[in-house]
Amino acid sequence: MAEKKKAKADHEEVSEVDNELVSAIEKLQDVQDELEKVNEEASDKVLEVEQKYNEIRRPVYNKRNEIIRSIPDFWLTAFLSHPVLCDLLSEEDQKVFKHLQSLDVEDFKDVKSGYCITFSFKPNPYFEDTKLVKVFRFSDEGTTSISGTKIRWKDGMDLTNGAAVEKEGNKRPLIEESFFKWFNDSQQKETTEGIQDEVADVIKEDLWPNPLKYFNNV
């Protein structure tokens, strides 16, 4: 009988501990939910500030682009001086970049919905387009859609087919992949996993904020 009473007492003690644990976890969840709410409000405020300053930055970026247009081969030099982007330009790409007048990165008015990267070219012997654009759109469902300009290459000038180039010490010509495949490869891709586009990230987050840093790093 004594053993039964002890077992019952132990069971009640364990149940009490379990109830306290459940109660503590429920309270912790309530606090966590409260923190999430505050974080969401903070994120909204950060976006509001970012959107406000994007509008303030825009005329300054435009002013900078106008000055850059007067500097020969500015973007070509900045690309070739960048530790990541320098490896993306083939010899033929570099010839095309000599016709590049401006590069622009612009967030959508609603920052969290996406952004676009625009390359503006002078009339050139390679393609008909004056603007090549890469667009990233983010949906509320967490999907990402990427689209790029379908380049209208002039006859015999399509670099995305692969250009055979002779390299010293190689018996057979190598095929250099063109930077301009970046536009073709990304047309209308959608994913729920979040597309990681390293080229876009480097341009948007590193080159665009201060291209002069790389132009001077010759």
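The values are calculated or read from the model by the stated rules, or taken from the named source; none is laboratory data. This is a predicted model, so every value here is computed, not measured. Cβ coordinates were reconstructed from backbone atoms using ideal geometry, including for glycine residues, and neighbour counts include every protein chain displayed. SASA here: full protein model, heavy atoms, side chains in, ligands and nucleic acids out. Shrake-Rupley method; radii C 1.70, N 1.55, O 1.52, S 1.80 Å.
Could you please find all residues in the stretch 81-123 being touching a Leu at 6+ places or on another chain (Cβ under 7 Å) and open to solvent by 30 Å² or more (accessible area, probe 1.4 Å)?
CYS86, GLU92, GLN94, LYS98, LYS112
Is it the case that some residue within the stretch 100-123 is among the polar types (S, T, N, Q) and in a loop (DSSP other than H, G, I, E, B)? If you could, list the steps in order and put the result at the bottom.
Step one: of the stretch 100-123, the residues among the polar types (S, T, N, Q) are 101-102, 113, 118, 120.
Keeping just the survivors that are in a loop (DSSP other than H, G, I, E, B) gives none.
No, that holds for no residue.
With the requirement that a residue be within 24 Å of ILE67 (Cβ to Cβ) and of a type in the set (Ser, Thr, Tyr), what does the stretch 90-112 give you?
The one that is within 24 Å of ILE67 (Cβ to Cβ) and of a type in the set (Ser, Thr, Tyr): SER102.
Taking the stretch 125-152 as the search range and keeping residues that are among the basic types (Lys, Arg) and under 26 Å from VAL111 (Cα atoms), which one is surrounded by the most Cβ atoms within 10 Å (Cβ to Cβ)?
Once the filter is applied, the top-ranked residue is LYS134.
Taking the stretch 38-76 on its own, how many of its residues are part of a helix (DSSP H, G or I) and touching a strand residue (DSSP E or B) at 6+ places or on another chain (Cβ under 9 Å)?
Of the residues in the stretch 38-76, 13 are part of a helix (DSSP H, G or I) and touching a strand residue (DSSP E or B) at 6+ places or on another chain (Cβ under 9 Å).
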